[in-house]
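A.B. asks: The structure under discussion is supplied below as structure tokens; questions concerning it will follow.
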Amino acid sequence: MASIGNFFRRSLRRSGRREGKEEASAAENNPSRMPQGKPGERSSVLYSAGQFFFEYLVVVSLKKMSDGRYEPKITYQFPKRENLLKGQKEEEERLLQAIPLFCFPDGNNWAPVTEFTSETFSFVLTNVDGSRKIGYCRRLLPSGRGVRLPEVFCIISCLGCFGLFSKILDEVEKRRQISMAVIYPFMQGLRESPFPAPGKTVTIKSFIPESGTELIELTRPVDAHLEHVEFQALLQRLSPHLILHIFASAVLERRLIFLAEELSVLSQCIHAVAALLYPFTWAHTYIPVVPECLLDTVCCPTPFMVGIQMRHLERVLDQPMEEALIVDLCEGKILRAVGDEEEILPVKLQNEMLTSLNRHNNNNNVHTSEQVNTLVSEAFVQFFVRMVGHYASHIKWSKNGLGIFQERAFCKAITSKTNRKFVKKFVKTNMFSLFIEEAEKSRIPQEAYFQQKITEYHEQKKHRRDS
């Protein structure tokens, strides 16, 4: 267990580091912008069309040990990975050793039951090279008579699209109630199908005994930056006012702990909070559902965003932590705060975001998940457009095609004192540094949607001046 803890302490931190002599020199002149730790990727997940839907499907079952406790073990894996290089094989073995902990993060206190409500949740594993894998889980009670133990079907993929994978798990669960043998051809057909482009649909043919051949349509959302999130889960449990406090803490990369009993609530809400940061990416420890055996490994002095089951509340409160925000998702309240959350964001923009979120809550015409995601995302994207949307104007390009960000001029260009005060803090964060590092590599913006919103904002300003 200690080796797994060491693995996660080392690998579950995503951050960036400037490399090369020119970049090192720039960092020496501006050391506060130098991120620490392992090299990290800009995007939190991969979204390219044409990839495999998933790397593998595993089934995790509870096995009774000699002392009477139950331990989660992988009992099925599809496909079996072969011909891996030594380093790949070792990394794979560590990940496969860790997956059962995240499928049953609530410890060993299990007993056979006759009824169990299926639950869907997800987790994220980050390799030492910064690449990420997402585990989409469905915990269910297999069909049968008498008392039984729940099991978890976990799809491992590098693709972030929670709604789509939830539908896949629905199909897996339906087949599990018939026979494990019916799952294999469905997953084989899925693996042979390319991941669709945004807004496109892929159709899977699948045969089910007594039902015949079914056509299963899997559609990818149009907006790629929203396909891995459900903001409704957050809005149902927290007031707009508290959501802004959480957003403010996340923007300054503080420690955030979310508490709930249901695994689905934890994973949905934490993914939603991380998505509020778009076009930026949370650059530190990120564990939507922390396994019980790893609780002590995440309460470290560095920033983190984690989800912990409510039963561990006392253990969490006993941990010595500075600049931490502890959120109770069951009661919709903050249990511990720094105290300055109201003062972090510029008042005018904070009020505008609050108005936008309240308008959503009072709008009975908004029903679909896509509409909710678009409206909520728009409020926070506009915040970043107005705060840092002028960043590209302050990248100086050299003859070799590399850019150098002019931080002082960037901050000085902000006329509002309250806005400038916030931005001077924000530019010191890892998430901003990682964003700028990517922007310095190419004149082509890395986040097309964000750039589109910046362009629209400037056009609207010009139109107001001319009218």
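Every number here is computed from the coordinates shown, using simple stated rules; none is lab data. Because the structure is a prediction, the values reported are computed rather than measured. Cβ sites come from the backbone with ideal geometry, for glycine too, and all protein chains shown count toward neighbours.
A.B. asks: Report the full-extension gain for the segment residue 406 to residue 462: residue separation times 0.36 nm, less the Cα-Cα distance, to one decimal in nm.
C.D. replies: Details: separation 56, 0.36 × 56 = 20.16 nm, distance 2.49 nm.
Here the answer is 17.7 nm.
A.B. asks: Roughly how many Å is it from the Cα centre of the range 105-142 to that of the range 49-94, as a whole number?
C.D. replies: 13 Å
A.B. asks: Got a sec to turn the phi values of the range 186-196 into Karplus ³J(HN,Hα) couplings, 6.51 cos²θ - 1.76 cosθ + 1.60 with θ = phi - 60°, whole Hz, x for Gly and Pro?
C.D. replies: Along the range 186-196, the couplings run 5, 5, 5, x, 5, 5, 7, 9, x, 5, x Hz.
A.B. asks: Could you calculate the FRET efficiency of residue 390 with residue 361 from 1/(1 + (r/R0)^6), where r is the beta carbon distance between them and R0 is 30 Å, rounded to 0.05? Please list the in-between numbers first.
C.D. replies: Numbers: r = 32 Å, r/R0 = 1.06.
The computed FRET efficiency comes out at 0.40.
A.B. asks: Report the semi-axes of the equivalent ellipsoid for the chain in whole Å, largest first, where each axis is √(5λ) for an eigenvalue λ of the Cα gyration tensor.
C.D. replies: Numbers: eigenvalues 296, 123, 114 Å².
Result for the chain: semi-axes of 38, 25, 24 Å.
A.B. asks: Over 22 Å between Cα atoms: which of 348/396; 133/167; 399/453 fall into that group? It would help to have the intermediate numbers written out before the result.
C.D. replies: On the way: 348/396 31 Å; 133/167 19 Å; 399/453 29 Å.
From the list (348/396; 133/167; 399/453), the Cα-Cα distance tops 22 Å for 348/396; 399/453.
A.B. asks: How do 355, 368 line up, fewest other C-beta atoms within 10 Å first?
C.D. replies: On the way: 355 12, 368 9.
Going from least to most buried by this count: 368, 355.
A.B. asks: If you bin every alpha carbon distance in the range 56-223 into 10 Å steps from zero, what whole percent lands in each bin?
C.D. replies: 9, 35, 36, 18, 3, 0
A.B. asks: With +1 on each Lys and Arg Cβ and -1 on each Asp and Glu Cβ, how big is the dipole of the chain about its Cα centre, in debye rounded to the nearest 20? Display every interim value, and only then the final one.
C.D. replies: On the way: 60 positive and 54 negative charges, 243 e Å.
Taking the Cα centre of the chain as origin, the dipole is about 1160 debye.
A.B. asks: Could I ask something else about it? Collect residues whose amide H, placed 1.01 Å from N in the peptide plane, falls under 5 Å from the amide H of residue 335; neighbours closer than 5 in sequence don't count.
C.D. replies: For residue 335, the qualifying residues are 326, 327, 328.
A.B. asks: When only DSSP loop residues count, what trypsin sites (Lys or Arg not before Pro) in the range 51-106 have their Cβ near at most 13 other Cβ atoms within 10 Å? Don't skip to the end; give the middle numbers.
C.D. replies: Numbers: sites: 63, 64, 69, 73, 80, 81, 86, 89, 94; in loops: 69, 80, 81.
Passing both the DSSP loop test and the Cβ count: 69, 80, 81.
A.B. asks: Take peptides 400-409, 170-179 and line them up by average Cβ neighbours within 10 Å, highest first, as a rough protection proxy.
C.D. replies: Values: 400-409: 14.8, 170-179: 16.7.
In decreasing order of mean packing, 400-409, 170-179 become 170-179, 400-409.
A.B. asks: Within the range 129-149, what residues put their amide N at less than 12 Å from the label point 7 Å along the Cα-to-Cβ vector of residue 177?
C.D. replies: 141-144
A.B. asks: Here is a follow-up. Projecting each Cα onto the charge dipole of the range 370-467 (Lys/Arg +1, Asp/Glu -1 at the beta carbon, about the Cα centre), which of 411, 373, 400 comes out farthest on the positive side?
C.D. replies: Most positive-ward Cα: 411.
A.B. asks: So how much slack lies between residue 188 and residue 65, counting 0.36 nm per residue of separation and subtracting their Cα-Cα distance, in nm? Before the final figure, lay out the partial values.
C.D. replies: Working: separation 123, 0.36 × 123 = 44.28 nm, distance 3.31 nm.
Difference between extended and current length: 41.0 nm.
A.B. asks: Now a separate question. Whole-Hz ³J(HN,Hα) for each residue in the range 418-435, computed from phi via Karplus 6.51 cos²θ - 1.76 cosθ + 1.60 with θ = phi - 60°, x for glycine and proline: what do you get?
C.D. replies: Per-residue couplings from phi come out as 5, 5, 5, 4, 5, 5, 4, 7, 5, 5, 8, 7, 5, 5, 6, 4, 5, 4 Hz.
A.B. asks: Quick one: length gained pulling residue 118 to residue 145 fully straight, 0.36 nm per residue minus the C-alpha distance? Don't jump to the answer; show the numbers that get you there.
C.D. replies: Numbers: separation 27, 0.36 × 27 = 9.72 nm, distance 1.70 nm.
Going from the current span to full extension adds 8.0 nm.
A.B. asks: Restricting to Cα pairs below 8 Å that are 6+ residues apart, what does the relative contact order work out to for the chain? Please round to a whole percent. Intermediate results must be reported in sequence, preceding the final value.
C.D. replies: Working: 763 pairs, mean separation 70.0, N = 467.
That works out to 15 percent.
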